[in-house]
Amino acid sequence: MIRLAQKGAVRLAAYAPTKKVRALSSSSVKTSSVAPGKLLLKAIRHWASPEYTRIVLELNGSVPFSTGSLPGDAGKGIVPRIYIDLKGAGIASGIDQRMVIKEGMIQQVRVGKQQNNSTRVVLDLAMAGEYKAFALKGPDRIVIDLGTRKQAVLEANPTEIRSLPTAKGDPIAKVLEQTPEERQPQVRLPEGGSNRLRRIVVDAGHGGKDPGAIGPRGTLEKDVTLALARVLAKRLKKEFGCQVILTRDKDVYLALEERTAIANRVGADLFISIHANASKNRSVRGVETYYLNFSKNDKAAAVAARENGTSLKQVGDLEMILFDLMANSKINESSRLAAEIQSSLVGNLGRHYSEIKDHGVRQGPFYVLLGATMPSVLVETAFISNKTDEGRLKSSKFQGRAADAIVAGVKKFAKASRMIATK
Ligand SMILES: [Zn+2]
């Protein structure tokens, strides 16, 4: 069987990059026309920061792949490289053989045909690091995460990233440039300390061409998640005085892997993805909060399949490689964050509404949580498939109360983790 997840390290201490690249890059898209019936590499996307880079190879079908790394040789001017071999896949017209990136850890991406009807993608690196590669479905793509072994400078030096040059039109870089609000936070933050709560990424599920689940009265999940995420972002900012970054603040489509890339790139301390649940049984209601792990039952697997936009079988396939992919994830912290948010939502909303059923903390293989390096959760706030819950999800009162409950859950977690002062 072909191993779908691959990881490794490429190292060469002697190699020093000629130019230290500090800019945060925006995603660049290389697309092209695709002839039917042939497996092709059709686009390469990337998101980079000094210590973290995610590369996505877009394919028009399921392509077996293998990866490897080659050390550099400073004396010969050879940089460390990582390669990805796409078996039986060609290159769509319009893909450059050489894409100069010079951002984060990546110098350039090269693409070439191999003799055995394969395509090799080579990443020329500015520095040695670790990498992990995995395949996602619907549409098919291969994700390569690159990281340095050092503690992320983004976490250690939050002031530094604000002064970084911005990529033009890059909303994330723009957010990072903003100075924090003058207003005093409502909680005291501990002095210094690398663990301090500095930055939270709030992800409004779905968007653009992806409406998410649709309620019986036609409410779109993407609209209620955005409304709730906006309120949540405001209230988190007010409570903690930290930076809060929305993965989207309008009705646009974002690939699931881009959302995680944003959180990693900005060095977020917490990642909260907001969703609304759906069930074929329209009487089902209640709250559940997820973190990344193997699904423990069919219901959790079904929720993961729906949110991933894949089939149940593909969730099963993903679970076969999940162990490898969870190496750097904060599973224990994520499960504690999920527990605090879940109990806070059930408790606080239960004071105002009937039938706030507690479905508990659950785990599942969610694409949007894959590769996140900080405690990260996915909140299913209510069932949009139920008429009453659909009405609540649309009401700004419910959105505000749900946001307050999530803030209270985050606060408990942050206190227990000493990310904020305990008194
Ligand atoms: Zn969703």
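Tabulated results
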{"item": "Residue within segment 341-357 that is aliphatic (A, V, I, L, M), touching an Asp or Glu at 6+ places or on another chain (Cβ under 7 Å) and on the phi < 0 side of the Ramachandran plot present", "result": "yes"}
{"item": "Selection count, segment 301-315, where residues are more than 14 Å from the ligand (Cβ to nearest atom) and open to solvent by less than 30 Å² (accessible area, probe 1.4 Å)", "result": "2"}
{"item": "Out of L236, L232, L228, sole residue that is open to solvent by less than 20 Å² (accessible area, probe 1.4 Å), more than 16 Å from the ligand (Cβ to nearest atom) and in a helix (DSSP H, G or I)", "result": "L236"}
{"item": "Index of the failed condition, A301 passing every other in (1) among the aliphatic types (A, V, I, L, M); (2) modelled with pLDDT under 95; (3) not in a helix (DSSP H, G or I)", "result": "(3)"}
{"item": "Contacts under 8 angstrom Cβ, first residue in segment 96-125 being at positive phi, partner among the acidic types (D, E), 6 or more apart", "result": "G104/E51"}
{"item": "Evaluation of V284 against (1) more than 16 Å from the ligand (Cβ to nearest atom); (2) within 21 Å of P211 (Cβ to Cβ); (3) in a loop (DSSP other than H, G, I, E, B) (one fails), failing number", "result": "(1)"}
{"item": "Test: A268 is more than 16 Å from the ligand (Cβ to nearest atom), part of a helix (DSSP H, G or I), under 16 Å from the mean Cα position of the chain (by Cα) and small (G, A, S)", "result": "no"}
{"item": "Selected residue (only one of R392, R362 is within 22 Å of V224 (Cβ to Cβ), within 23 Å of the chain's Cα centre (by Cα) and open to solvent by 10 Å² or more (accessible area, probe 1.4 Å))", "result": "R362"}
{"item": "Some residue of segment 183-200 being within 16 Å of the ligand (Cβ to nearest atom) and modelled with pLDDT of 95 or more", "result": "no"}
{"item": "Answer residue from segment 247-263, given it is open to solvent by 10 Å² or more (accessible area, probe 1.4 Å) and more than 16 Å from the ligand (Cβ to nearest atom) and is farthest from D404 (Cα to Cα) among those", "result": "K250"}
{"item": "Residue ID - nearest to V377 (Cα to Cα), chosen from residues in segment 209-221 that are open to solvent by less than 20 Å² (accessible area, probe 1.4 Å) and either more than 12 Å from the ligand (Cβ to nearest atom) or touching a Pro at 6+ places or on another chain (Cβ under 8 Å) (or both)", "result": "E221"}
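The values are calculated or read from the model by the stated rules, or taken from the named source; none is laboratory data. Note that the coordinates shown come from a computational prediction; the quantities given were computed from them, not determined experimentally. Please note: Cβ atoms are built from the backbone with ideal geometry, for glycine as well, and neighbour counts cover all protein chains shown. Please note that ligands, DNA and RNA were not included when accessible areas were found on the heavy atoms of the full protein model with its side chains. Shrake-Rupley method; radii C 1.70, N 1.55, O 1.52, S 1.80 Å.
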